[in-house]
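**Student:** Could you have a look at this structure, given as structure tokens, before my questions?
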Amino acid sequence: MKLPLKFIVLASFALAILTGCGTSVGGNRVPRTPPPPPTGTNYTTCNGQQVPNWLSSKFQSNYQPAIQAFVSHYDSNPNVAYMRIGLGRGGEINLPEGWNNQSSGACFGGYSNTWGYTVGGNSTNSSKWNGYLAGMITFEHSLNSSKTLLVSITPVAGAGTVTDDFIAPIAVQNGVSYGNQGLESSDITDYPNCGGDWCNLFAQDPPVIKELQTIGQSCPTGTTCANQQAASTGPLPPLLSFATLHGANDLELYYQDWLIAYDPAYASSVGVDSTQAAEYQAAIHAAALTGAKMQVLFPPQVSDVDYQAVHDFLMSNPDVTGAVISAEWSDFDIGTSDNTAHSTYDFSITDGIMQPWIQAGKKVSLVLQDTTYGGGGSCPMTGIGSNGSAGNNCAMPPYMWNVLK
């Protein structure tokens, strides 16, 4: 029987689609090859987020001057405690999830296929990521800042804590402190094998500032956890005593946990009774008595719903040393009118967000991010990240997406 031409065309088209999707054709599976980023580019997409090629000279030749301008601007400010410089995602040293997973498509195509990223090993030459991190820390040392600069020690996908064990002594040798942003309940049960190996590193070659941040807001006993990270964090009181016992001298706690301890209305709204709130308050106060700096992590901005509660209960609280505020690269690095190159630095966004804490007599620590941990939709209209153009990575200056092409 002779098939109509229309049928033959449609069948051929369907076969092409099936072949492209890596399905079986005639009993033989056609392998799927993750596509690389567009030819010549130095950014790709991972889990819907635009992310840069950190190894690219185009990235580093713009980010390093921005770091220098950032450090220089705040170096003489007596109200700034320390600055943590993000070298990967989220102000930390992480690579995007899926960078080494073939099923992640363009993400794997960029980092593993095109740019040849490798991780792990105990020397600068062991992997490309080690070499990048060591080079950036050496650059930070060259800035001769009077402020303490920090680098993150968080597990890197594909390397575990090997990268942390490599980078921590290099940081100390260069006068850079370090900290872990993943304090959680499993650190207690797995001791001394804590996340990012912080328990061992704090004991072996401690930096000046030994900073810990909970992996998420905590989950008080008997309440419904806000999310999976809160479930991993667990109740706050045992974490604080454990952290200070093992050398932590700077604790960054999500503002929600501070409000549980000090704002009865907020505590009640999340199902925390007065007894639990008192336990939180006592644990925070006990940690402060050890001499640890107690910081409110990423507090809400003036237009946010919880700002008034933070203002009323935390800004004048004697147990609060200060606040940790995110400073996106895009907040201060302004491009040309056609968004093709750097034009000027303007720190008015970060300066303005710091001001209420400074007026309250508190210190401010800053976390510089070049890439966030994601977030859909569009960038905010005002405040942190409002200068960004990619809703899933508002930290990157818009002109950089053109530079990285």
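**Student:** What size of dipole, in debye to the nearest 20, comes out for the stretch 147-253 about its Cα centre when the only charges are +1 on Lys and Arg C-beta atoms and -1 on Asp and Glu C-beta atoms?
**Tutor:** 180 debye
**Student:** Next up: How much mean residue ellipticity at 222 nm does the chain get from its helices, if each DSSP H run of length 4 or more adds -39500 (n - 2.57) and you divide by all residues, to the nearest 500 deg cm²/dmol?
**Tutor:** My calculation for the chain gives -11000 deg cm²/dmol from helical runs alone.
**Student:** Can you order the peptides 384-395, 287-298 by their average number of other Cβ atoms within 10 Å per residue, highest first?
**Tutor:** 384-395, 287-298
**Student:** Let me ask something else. Any chance you could run the full-extension gain for ALA69 through ALA286? It's 0.36 nm times the residue separation minus the Cα-Cα distance, nm to one decimal.
**Tutor:** 74.3 nm
**Student:** Could I ask something else about it? To the nearest 10 square angstrom, how much accessible area does THR221 have with a 1.4 angstrom probe?
**Tutor:** Result for THR221: roughly 100 Å² accessible.
**Student:** With each label point set 7 Å from Cα along the Cα-Cβ vector, what nm distance links ASN77 and ALA278?
**Tutor:** 4.0 nm
**Student:** Something else about it: Suppose a student asked you for the relative contact order of the stretch 278-405, using Cα pairs under 8 Å spaced at least 6 residues apart; what percent would you report?
**Tutor:** 24 percent
**Student:** Using a 1.4 angstrom probe, figure out how much accessible area the chain has per residue, in square angstrom, rounded to the nearest whole.
**Tutor:** I get 43 Å² per residue for the chain.
**Student:** Still on this structure: Could you please state how large a percent of the accessible area of the chain is carbon and sulfur, counting protein chains only and using a 1.4 Å probe?
**Tutor:** 54 percent
**Student:** With an 8 Å cut-off on Cα pairs and a minimum separation of 6 or more residues, tell me the relative contact order of the chain in percent.
**Tutor:** It comes to 15 percent, rounded to a whole number.
**Student:** Looking at the chain, send over the antiparallel percent of its DSSP beta bridges, to the nearest 5.
**Tutor:** So the antiparallel bridges in the chain amount to around 25 percent.
**Student:** Any idea which of SER232, GLY271, PRO155 is furthest toward the positive side of the dipole for the stretch 137-280, if Lys and Arg beta-carbons carry +1 and Asp and Glu beta-carbons -1?
**Tutor:** PRO155
**Student:** Over the stretch 133-237, what is the mean sequence separation of C-alpha contacts under 8 Å (at least six apart), divided by residue count, expressed as relative contact order in percent?
**Tutor:** Reported as a whole number, the value is 23 percent.
**Student:** Right, something else. Calculate the dipole size of the chain relative to its Cα centre from +1 charges on Lys and Arg beta carbons and -1 charges on Asp and Glu beta carbons; express the result in debye to the nearest 20.
**Tutor:** 1680 debye
**Student:** Using +1 at the C-beta of Lys and Arg and -1 at the C-beta of Asp and Glu, which of PRO206, ALA171, LEU259 has the Cα lying farthest in the positive direction of the dipole of the chain?
**Tutor:** Working it through, the farthest residue towards the positive pole turns out to be ALA171.
**Student:** Of [x] 1.03; [y] 0.96; [z] 0.99, which is the value of Rg/Rh (Cα atoms, Kirkwood Rh) derived from the coordinates here?
**Tutor:** The listed entry that was calculated here is [x].
The values are calculated or read from the model by the stated rules, or taken from the named source; none is laboratory data. What you are looking at is a predicted structure, and each value in this text was computed from that prediction instead of being measured. Backbone-built Cβ (ideal geometry, glycine too); neighbour counts: all protein chains shown. Heads up: the accessible areas ignore ligands, DNA and RNA and are worked out on the full protein's heavy atoms, side chains in. Shrake-Rupley method; radii C 1.70, N 1.55, O 1.52, S 1.80 Å.
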